[in-house]
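The values are calculated or read from the model by the stated rules, or taken from the named source; none is laboratory data. These numbers come from a predicted model, not from an experiment. All Cβ positions, glycine included, derive from the backbone under ideal geometry; neighbour counts span all protein chains shown.
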Amino acid sequence: MTESLYWNPVLESLSRADLKKLQLAKFKRQLHRMYEQSAFYREKLDQAGVHPDQIQTLADIRRIPVTTKEELQQLQSNSENFPYGPCLAVPTDRVATYHQTSGTTGKPIRQADSREDWEWWIECWATFLWAQGFRPNDRVFIPFSYGVFVAFWAGHYACEKIGCEVVAGGGLSTQDRLLKLQELEATAVLCTPTYGLHMAEVAEDMGLKLADFNVNKMVCAGEPGASIPATKNRLENYWGAKVFDHAGATEGGAWGFGCLKEPSDLHINEAFFLVEILDPDTGEPVDSGEEGELIITPLDRQAQPYLRFTLKDMALFSDEPCECGRTFARLKGGVLGRRDDLTKVRGVLFSPTSVEAVVRAVDQLGDEFQVVVEKKGVLDEITLKAELKENIQITPELETHLLQELRLTSGLRFNLELVPLGTLPRFEVKAKRFQDLRTHA
Amino acid sequence: MNRNDLKALDQELMEIREATERLKSLAIEHGMPAAEKNAERIMACVEMLSLHISDPLKLIEE
């Protein structure tokens, strides 16, 4: 018997029509369960005048109002039913794990998961780790203390479920992690793209070449970097490893993954999630080849479930077949940006992600950068602070090239501050590279 | 994997589910948390197996 390329060959190769049938059946089951067990959703559905029996098609689902992060923040700020508020849909003795969001966009959301939910998290991660080539002979190094954040915990136990050997690399300095990684000859790493780049920089300072290590694959989570071609190229060059992205959210679950054949795209795990990709203006589903906003419903989550949660991520939908054989739809080029991150500078809509693509594509620049927007008089001023690699001098050609690329990508005229390597802050988990000082005025 | 293969897996799964439920009840009856809590862990895995096996089987059998 040859080894399966798929974690579940049945679910991952269902016809598109059968996948939709499965999603509808699971959505209806979940909706009935939530109407019975979640005080929050019963009230929300009643207020919207929607009864679960009225949802008979995938189009009917759009009658259900979306759930927003702000709504959850509001619900949990009430001291009633602390710490989860009315979001909890099971008795408290069924809660097995506590996690929370990072709070990047406001107050963190507290997330309860039951024992079944925890298995579900692990299962979602195992599905994509298997697709990315993780096998029992891998030794996986995770260079973090995972704390209250869910992603790497789920990654850890999914590796274990697959049969990999897992090394939890928390509680060490970056230098010590690198030495441990080398000593143990780990074959795979799970980390944020920011930290993957930082490890490469520290390795270079130590006279180590990561490409000579045994690592042959890396899965990035927590930030969209591994879907940005210039960042992915840097990581792959430093590490001499294949770099994959994974998309997930504490509220939504681990829903997207790059496969071995098309690692730059993200497959949606449509057997476990309903991800709607909607035109932000009309609220209608986009066609294949069009960009839309992602709304997610985890179809099997029980303790703190969500119906139509707005991820605020934008992506380009494709239902074209993938060479890997999976029938799951894809997001071309991964998540393209967050609506949350979009801000207007001098009247122009600006996405900080666009700057990352420019900086990482310029060889003379280091990996870290910052973008600062501030008010000077009545005008918005936007400045890119970036680090020059060692032995690189500022030249007018370099400055002109950078300013032109920034202008082309964002439509904005930037100020430029090129500083020596090591000047800007380093991050372990999620990087905070964008500062909008106008909001503090 | 065809319908019959999936059905065979589902049959085994049903037996495991029933056996685990019995084990948990007996553990509670005899006051053995070690057995009760391990049975609960098995049940969480049974739920996952159900998502992988029983859900697509229902779809195929419709």
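Taking region B:1-27 as the range and being farther than 30 Å from A:Lys20 by Cβ, within 14 Å of chain A (Cβ to nearest Cβ) and of a type outside the set (D, E, K, R) as the test, only B:Thr20 passes. Considering region A:294-319, and only residues there that are at pLDDT below 95 and among the acidic types (Asp, Glu), the residue that is farthest from A:Pro352 (Cα to Cα) turns out to be A:Asp319. On inspection, B:Pro33 does not qualify as over 20 Å from A:Trp118 (Cβ atoms) and in contact with a helix residue (DSSP H, G or I) (Cβ under 9 Å, 6 or more places away or on another chain).
Under the condition of being crowded, with 17+ Cβ neighbours inside 10 Å and small (Gly, Ala, Ser), which residue from region A:97-117 is nearest to the other protein chains (Cβ to nearest Cβ)? By that ranking, first place goes to A:Ser114. Counting only strands (runs of 3 or more DSSP E) that sit completely within region A:283-346, those holding 2 or more residues that are touching a Ser or Thr at 6+ places or on another chain (Cβ under 8 Å) and of a type in the set (Lys, Arg) correspond to A:330-338.
Does A:Trp125 fit the bill of being buried (at least 20 other Cβ atoms within 10 Å of the Cβ), within 14 Å of chain B (Cβ to nearest Cβ) and in contact (Cβ under 8 Å) with a residue 40 or more places away in the chain? Reasoning before the result, please.
Working: buried (at least 20 other Cβ atoms within 10 Å of the Cβ): yes; within 14 Å of chain B (Cβ to nearest Cβ): yes; in contact (Cβ under 8 Å) with a residue 40 or more places away in the chain: yes.
Judged against the criteria, A:Trp125 is a match.
When the strands (runs of 3 or more DSSP E) confined to region A:364-441 are screened for residues that are of a type in the set (Asp, Glu), those reaching at least 2 such residues are found at A:365-376, A:379-388. Can we say A:Glu323 is more than 19 Å from A:Ala59 (Cβ to Cβ), more than 14 Å from chain B (Cβ to nearest Cβ) and modelled with pLDDT of 95 or more? Taking the combined requirement at face value, the residue satisfies it.
Beta carbons closer than 9 Å, at least 6 apart along the sequence or on distinct chains, pair a first residue in region A:396-408 that is farther than 13 Å from A:Leu384 by Cα with a second that is in a helix (DSSP H, G or I) for A:Leu408/A:Val358.
Pick from A:Trp153, A:Trp130, A:Trp120: which is surrounded by 23 or more Cβ atoms within 10 Å (Cβ to Cβ) and either at positive phi or part of a helix (DSSP H, G or I) (or both)? Outline the logic, then answer.
Working: A:Trp153 fails: surrounded by 23 or more Cβ atoms within 10 Å (Cβ to Cβ); A:Trp130 fails: surrounded by 23 or more Cβ atoms within 10 Å (Cβ to Cβ).
Within the list A:Trp153, A:Trp130, A:Trp120, the selection yields A:Trp120.
Evaluation of A:Pro86 against the conditions (1) in contact with a Ser or Thr (Cβ under 8 Å, 6 or more places away or on another chain); (2) assigned to a helix (DSSP H, G or I); (3) crowded, with 23+ Cβ neighbours inside 10 Å shows that the sole unmet condition is (3).
With respect to B:Ile28, determine if the residue is surrounded by 14 or more Cβ atoms within 10 Å (Cβ to Cβ), in contact with a helix residue (DSSP H, G or I) (Cβ under 8 Å, 6 or more places away or on another chain) and either modelled with pLDDT of 95 or more or hydrophobic (A, V, I, L, M, F, W, C) (or both). No: the conditions fail for B:Ile28.
Restricting attention to region A:187-229, and to residues there that are of a type in the set (Val, Ile, Thr) and touching a residue at least 40 places away in the same chain (Cβ under 8 Å), which single residue is farthest from A:Lys261 (Cα to Cα)? Show your work before the answer.
Of region A:187-229, the ones of a type in the set (Val, Ile, Thr) are A:187, A:189, A:192, A:194, A:202, A:215, A:219, A:228.
If we keep only those that are touching a residue at least 40 places away in the same chain (Cβ under 8 Å) as well, we get A:187, A:189, A:192, A:194, A:215, A:219, A:228.
Numbers: A:Thr187: 20, A:Val189: 20, A:Thr192: 22, A:Thr194: 24, A:Val215: 19, A:Val219: 15, A:Ile228: 17 Å.
My answer is A:Thr194.
Quick check: is even one residue across region A:406-418 within 30 Å of A:Phe128 (Cβ to Cβ) and of a type in the set (D, E, K, R)? The answer is no, given that none of the residues of region A:406-418 is within 30 Å of A:Phe128 (Cβ to Cβ) and of a type in the set (D, E, K, R). Exactly one residue out of A:Leu31, A:Leu19, A:Leu58 is buried (at least 16 other Cβ atoms within 10 Å of the Cβ) and either within 12 Å of chain B (Cβ to nearest Cβ) or in a loop (DSSP other than H, G, I, E, B) (or both): that is A:Leu19. Entry remark, region A:128-159: residues being within 13 Å of chain B (Cβ to nearest Cβ) and of a type outside the set (Gly, Ala, Ser) number 2 in total. Here the condition is being farther than 27 Å from A:Pro86 by Cα and away from every other protein chain (no Cβ under 13 Å); of A:Glu43, A:Glu3, it holds for A:Glu3 alone.
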